[in-house]
Structure formats: C-alpha cells, structure tokens
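**Student:** Shown below is the structure under consideration.
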C-alpha cells in the first residue's frame, strides 16, 4: 500500500493502518526520543504516547505542509523534550548511577550516533561545522534556542538564523 493511502486510512482511524505505520516508524521514533531522554524505558513510553497522540490528532496532518514522517518526528521530538522538562523526569534523574553520566557527556561522535537513529548522518556530515553544532544542540540534544545560544556563545538571533539556513540546506540535500 502506498504511503499516502496508508496515511488517509490512518486519518480515518483504520487500526491496520495504525499498526503498519507504527511498524514502519517506531524504531526511528524510539531512536530520536532515546537521544533526548537517554533511557530506553522512558523512550518506549514516550514513543507509545507519540503514536497515540498522532492517532487522536491525525486529522491535523496535512500532506501539503510536509511528509507524514516529519510530522510524527516533530511530535516525537517535542514529546521527548517535554518529558525531560517534567518534574517527574528531573526527580528521577537526581539519583542516577555514576555510570550513566559517562554516556551523556558530549563527545565528538555524539552527532553521528544521533543522526544514525533516523538515517541522515551522511547529510548532516556534509554541513558546515556551525550547522552541525546548531543542529546537534537543537534537534538531537533537545536544547532550546536560548540554551544553544548560551552554550555556543552566540546571540540568539544568530542561532535562529543558522537554524533556519542549516535546516533549509539539509532539506535541499535530502530531497535532491
């Protein structure tokens, strides 16, 4: 079945379409969410919430505004960021084993590992260094634009401009 027809059936609350789309995208969504929350159980929980939210808000998807994958990816990313900002998540993070902190320290290969989860590492790797840094912080580490501005010691307007231009460049690479 073609993706467009599958999405239409999903919007019409067809359970088989839901199951098919879940099987198609759950692994990618889990990878994106995990890169933000850094806990497999929480990532699994958030991922399931994302698909339920997508199911309930399916009528808000509009194919003329972008691909279904991008739509659900944005829901997943936002849900993961919301989870990290929740009081329960912050409280659960207070008593973590010291081994956990070794895994969350930023490393040079962090961006490559993150982008592998959704299959765009080769495209992000072709971007200028400033773009790699901005995209890594905003999209893979869940930073706000203000936090990225402080981390990279750049004005927030510059972060916004880099973000817009880098995503545009990335989009052109992926779609061509």
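**Student:** From the list 75, 52, 42, exactly one residue is in a helix (DSSP H, G or I), within 25 Å of residue 168 (Cα to Cα) and outside the structural domain of residue 141 (by TED's automatic domain parsing). Which is it?
**Tutor:** One residue alone meets the criteria, 75.
**Student:** Can you spot a residue in the range 144-154 that is modelled with pLDDT under 85, outside any helix (DSSP H, G or I) and not assigned by TED's automatic domain parsing to the domain that holds residue 39?
**Tutor:** no
**Student:** Which of the residues spanning the range 125-136 are closer than 23 Å to residue 79 by Cα and either assigned to a loop (DSSP other than H, G, I, E, B) or at pLDDT below 85 (or both)?
**Tutor:** Residues satisfying the conditions are 135, 136.
**Student:** So in the range 60-72, with the set limited to residues that are part of a helix (DSSP H, G or I) and free of Cβ contacts under 8 Å to residues at least 60 places away in the same chain, which one is surrounded by the most Cβ atoms within 10 Å (Cβ to Cβ)?
**Tutor:** 72
**Student:** With within 24 Å of residue 69 (Cβ to Cβ) and at pLDDT below 85 as the only criterion, which of 112, 99, 103 stands out?
**Tutor:** Among 112, 99, 103, only 112 is within 24 Å of residue 69 (Cβ to Cβ) and at pLDDT below 85.
**Student:** Next question, about the same structure. Given the residues 57, 9, 13, 83, which is the only one that is modelled with pLDDT of 90 or more, surrounded by 11 or more Cβ atoms within 10 Å (Cβ to Cβ) and closer than 24 Å to residue 143 by Cβ?
**Tutor:** Exactly one residue qualifies, and that residue is 83.
The values are calculated or read from the model by the stated rules, or taken from the named source; none is laboratory data. Here the structure is a predicted model, which is why all the values come from computation and not from measurement. Every residue, glycine among them, receives a Cβ derived from its backbone with ideal geometry; neighbour counts consider all protein chains shown.
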